[in-house]
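Shown next, in structure tokens, is the structure this report addresses.
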Amino acid sequence: MTKSKPSSSPHANVRLPERLSFPDEELKTLELWQELDAFQTSLRLSKDRKPFTFYDGPPFATGLPHHGHILAGTIKDIVTRFAHQTGHYVERRFGWDCHGLPVEFEINKKLNIHTKEEVLAMGIDKYNNECRGIVQRYTKEWETTVARLGRWIDCKNDYKTMEPWYMESVWHVFATMFQKDLVYRGFKILPYSTACNTSLSNFEANQDYRDTPDPSVVVSFPVVGDESTSLLAWTTTPWTLPSNLALCVNPDLDYIKVKDLKSDKFYIVAHTRLVQVYPKVDKKGYVAGSEFEIVGAPFKGSTLVGKTYVPLFGTFADWPHAFQVLADKYVTSDGGTGIVHQAPAYGEEDYRVCLKNGVVTKTLLPDPLDDNGKFTDQVPLVQGLYVKDADDVICKDLKARDRLVSKNTFVHSYPFCYRSGTPLIYRAVPGWFVNVEKIKDKIIANNQKTHWVPAFVKEKRFHNWLVDGKDWNVSRGRFWGTPLPLWVSDDYEEVVCVGSIEELKALSGVDAITDLHREFMDEITIPSRTGRGVLRRVPEVFDCWFESGSMPYAQQHYPFENKDKFHDGFPAD
């Protein structure tokens, strides 16, 4: 048996202690880094290397870092350390997302504020000062956690989205889009949080879906001139029924008329959707003719187009071109009755179909709800009631008037507000939109040039999201945020988009502009160039996602400073 040769490794005879505390060893390493000022020293020594551009998206400082932040921070640290070790200069700058709904939500809880009217009564200046006071509540905790994680990033030379210089660059980004004809004002059916009094993006709405029981009702709409015959529509949102303006069928589907043997009334539904009215019809052993009789032969939905019906409520009874049957192929026989009730203020397809057929216009919609999702005096039956609380009252009223054919409970996946935990509703929201669809092909092409890890994200999840991309409502009816730099005439025919502080000074004649928040901007006016008096700023602020998305430009105060530095490092590596 031969003896093994001693190892030539310099570490071969190193003795490890019997007990080794990894946390203690980590702290020793952190102390050494601090003593050497290791991160700043590494930056100084690598200053002349080829730059590697890294963007660190800003977190909110109103909450403590959680597992998701720590995981993402670890991955970011690995990428930037590797770039440094492979011969690059890697500037790493921390940032803070200071504006938006999360901050307002915290202040509203603190001050017991529930409506916009309460904010206005308090004063936007005082409200925003409260918001300003908490946006960096946990910065020390964040810095401690980031350092303990071992991550190297510059928290001293940070950026904050509430700084006027940052906000000015956001204005520039928006003004550039405006000049390229990528911004327009309009209505969009969007997820809306009644608790937070604001619309959400589709991305935000997708963050919290829950299985939710809702009423499942079938309602009758008697045909004018043949009131014994009713068109039947199904809905899970009875609260939208007072705003009904039309019914929609599929022109190519087969429909049928039946006589209900219990009530002696006649109903019209899609031929394959009798099960919605008579649930037992598909059950084994069902006796044909026990609940209804078919009257005549099936007919196409197109034959129903133009028929008028008796409105459910008198709320909008005088609305022109309303209460008629329309046709569109979005209606299917997959569920319901094959006849869809149209409330154009509360459904994307409803709005599209009613707009196309002249029932509503882009500026005129029936919306009897206030910002809190409560009915106004336009619907006396449920005045002051929250939409979900109004469901039962409306159903009882319909039953008393013999317009409720059936009522059950339907459990489905439904979006909730990710901030307040309350059900979202879909409603027509006036706002300012970025025309994503106009540049969608370019965005998709750029995604193909992007190196994704893992690769399937590029081809699957992110690609699919881009393909389905909708125009983005970048405006929010809130207070603590970067104000939209749009000054308009009373009729909205004259619109001026301001792209910088200097431009606003020149247009308004106001020299002392040191802050861009609402309390400083809302009173500034611009003389009209078309004889329309003065232009006033629109009341909306930016979606905070637009602000954080502007970070590559705004953290450098581009184009007002650091032009060469920005161009040399854009886009990110």
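What ranking do Cys544, Cys98 get, fewest neighbouring Cβ atoms within 10 angstrom at the top? Working shown, then result.
Numbers: Cys544 23, Cys98 28.
Placing the least packed residue first, the sequence is Cys544, Cys98.
Search the structure for amide H atoms under 5 Å from the amide H of Val405, placed 1.01 Å from N in the peptide plane, and list their residues when 5 or more places away or on another chain.
Those lying under 5 Å, H to H, from Val405 are Val218, Val219, Ser220.
Give me, ordered by chain and number, the residues 5 or more places off Gly95 or on other chains with an amide H under 5 Å from its own placed amide H.
For Gly95, whose amide H was placed from the backbone, the distant partners under 5 Å are Tyr159.
I want the local charge near Thr363. Using Cβ-Cβ distances under 15 Å, sum +1 for each Lys or Arg and -1 for each Asp or Glu among the other residues.
Numbers: positive: Arg185, Lys188, Lys362; negative: Asp367, Asp490, Asp491, Glu493.
That sum, taken over residues with Cβ under 15 Å, equals -1.
With a 10 Å Cβ neighbour count serving as the proxy for reagent exposure, in which order, fewest first, do Met551, Met167, Met122 appear?
By the 10 Å Cβ count, ascending, the order reads Met122, Met551, Met167.
In debye to the nearest 20, how big a dipole does the chain give about its Cα centre with +1 on each Lys and Arg Cβ and -1 on each Asp and Glu Cβ? Kindly include the intermediate steps, with their values, before the conclusion.
On the way: 69 positive and 76 negative charges, 353 e Å.
Result for the chain is approximately 1700 debye, rounded to the nearest 20.
For helix 67-85, report the angle its Cα long axis makes with the longest principal axis of the Cα atoms of the chain; keep it between 0 and 90° and round to the nearest 10°.
That works out to roughly 40 degrees.
How do Val90, Val496 line up, fewest other C-beta atoms within 10 Å first? Spell out each step's value before the answer.
On the way: Val90 22, Val496 18.
Ranking Val90, Val496 by Cβ neighbours within 10 Å, fewest first, gives Val496, Val90.
Roughly how far apart, in whole Å, are the Cα centres of the range 468-486 and the range 210-264?
Between the Cα centres of the range 468-486 and the range 210-264 lies a distance of 37 Å.
Dipole of the chain (Lys/Arg Cβ +1, Asp/Glu Cβ -1, origin at the Cα centre): which of Phe542, Gly306, Thr450 lies farthest to the positive side?
Thr450
Tell me the angle of helix 124-134 to the major Cα principal axis of the chain, expressed in degrees between 0 and 90 and rounded to the nearest ten.
The angle comes out near 50 degrees.
Do any trypsin sites (Lys or Arg not before Pro) in the range 85-127 lie in a DSSP loop with no more than 14 other beta carbon atoms within 10 Å, and if so, which? Let's see the in-between values first.
Working: sites: Arg92, Arg93, Lys109, Lys110, Lys116, Lys126; in loops: Arg92.
Here no loop site has a sparse enough neighbourhood.
Taking the alpha-carbon centroid of each part, what is the distance from the range 11-78 to the range 348-392 in angstrom?
First find each Cα centre; the distance between them is then 54 Å.
Taking the chain as the reference, fit the longest principal axis to its C-alpha atoms, fit the long axis of helix 387-400 to the helix C-alpha atoms, and give the angle between the two in degrees, 0 to 90, nearest 10.
10
With semi-axes √(5λ) of the Cα gyration tensor in Å in mind, check [x] 55, 33, 22; [y] 38, 27, 24; [z] 53, 26, 23 and report the label derived from this structure.
[x]
How large is the charge dipole for the range 174-307, taken about the Cα centre, if only the Cβ atoms of Lys, Arg (+1) and Asp, Glu (-1) carry charge, to the nearest 20 debye?
Numbers: 14 positive and 14 negative charges, 21 e Å.
It works out to roughly 100 debye.
How large is the dipole of the range 307-353 about the Cα centre if only Lys and Arg carry +1 and Asp and Glu carry -1, each at its Cβ, rounded to the nearest 20 debye?
Values: 3 positive and 6 negative charges, 31 e Å.
With only Lys, Arg, Asp and Glu charged at Cβ, the dipole is about 160 debye.
Going Cα to Cα from Lys262, which aspartates and glutamates come in below 20 Å? Please leave out same-chain ones fewer than 8 positions away.
Asp226, Glu227, Asp282, Glu291, Glu293, Asp402
Among the lysines, select those whose C-alpha is under 19 Å from the C-alpha of Lys460, and discard any that sit fewer than 8 residues away in the same chain.
Cα-Cα hits under 19 Å: Lys440, Lys442, Lys449, Lys470.
Among all stretches of the chain without exposed GluC sites (Glu not before Pro) (DSSP loop, at most 13 other Cβ atoms within 10 Å), which one is longest?
Numbers: sites that count: Glu18, Glu493, Glu523, Glu561.
In the chain, the maximal stretch lacking such sites is 19-492.
Of Val488, Thr422, Asn408, whose Cα points farthest to the positive end of the dipole of the chain (charges on the beta-carbon: +1 Lys, Arg; -1 Asp, Glu; origin at the Cα centre)?
Asn408
Go through the range 518-523 residue by residue and turn each phi into a ³J(HN,Hα) via Karplus (6.51, -1.76, 1.60, θ = phi - 60°); whole Hz please, and just put x for glycine and proline.
Going residue by residue, I get 4, 4, 9, 9, 5, 8 Hz, with x marking Gly and Pro.
In the range 138-233, if the dipole is taken from +1 on Lys/Arg beta carbons and -1 on Asp/Glu beta carbons about the Cα centre, which of Tyr166, Ser199, Pro222 is farthest to the positive end?
Tyr166
Within the range 283-325, list the chymotrypsin sites (Phe, Trp or Tyr not before Pro) lying in a DSSP loop whose Cβ has at most 13 other Cβ atoms in a 10 Å radius.
Details: sites: Tyr286, Phe292, Phe299, Tyr309, Phe313, Phe316, Phe323; in loops: Tyr286, Phe313, Phe316, Phe323.
Those satisfying the criteria are Tyr286.
In sequence order, what are the phi-derived ³J(HN,Hα) couplings for the range 101-115 according to the Karplus relation 6.51 cos²θ - 1.76 cosθ + 1.60 with θ = phi - 60°, rounded to whole Hz, with x for glycine and proline?
4, x, 5, 4, 4, 5, 5, 4, 5, 4, 9, 6, 9, 10, 9
Can you run phi through the Karplus equation (6.51, -1.76, 1.60; θ = phi - 60°) for the range 466-475 and list ³J(HN,Hα) in whole Hz, with x for Gly and Pro?
Values per residue, Gly and Pro as x: 5, 4, 8, x, 10, 4, 9, 7, 8, 9 Hz.
Give a quick list of trypsin sites (Lys or Arg not before Pro) in the range 386-418 that DSSP marks as loop, anything other than H, G, I, E or B, with at most 15 other Cβ atoms within 10 Å. Display every interim value, and only then the final one.
On the way: sites: Lys388, Lys396, Lys399, Arg401, Arg403, Lys407; in loops: Arg401, Arg403.
Hits after loop and neighbour filter: Arg401.
Gly87: net charge of surrounding residues, Cβ under 14 Å, Lys/Arg +1, Asp/Glu -1, itself excluded? Provide the component values of the computation, followed by the final result.
Working: positive: Lys47, Arg49, Lys50, Arg81; negative: Asp48, Asp573.
Once positives and negatives cancel, what remains is +2.
Given H placed on each backbone N at 1.01 Å, which residues far from Val183 in sequence or on other chains put an amide H within less than 5 Å of it?
Asn435
Taken together, the values in this text are just the output of simple stated rules run on the coordinates, not laboratory data. Because the structure is a prediction, the values reported are computed rather than measured. Quick reminder, even Gly has a Cβ in these numbers, built from the backbone with ideal geometry, and neighbours come from all protein chains shown.
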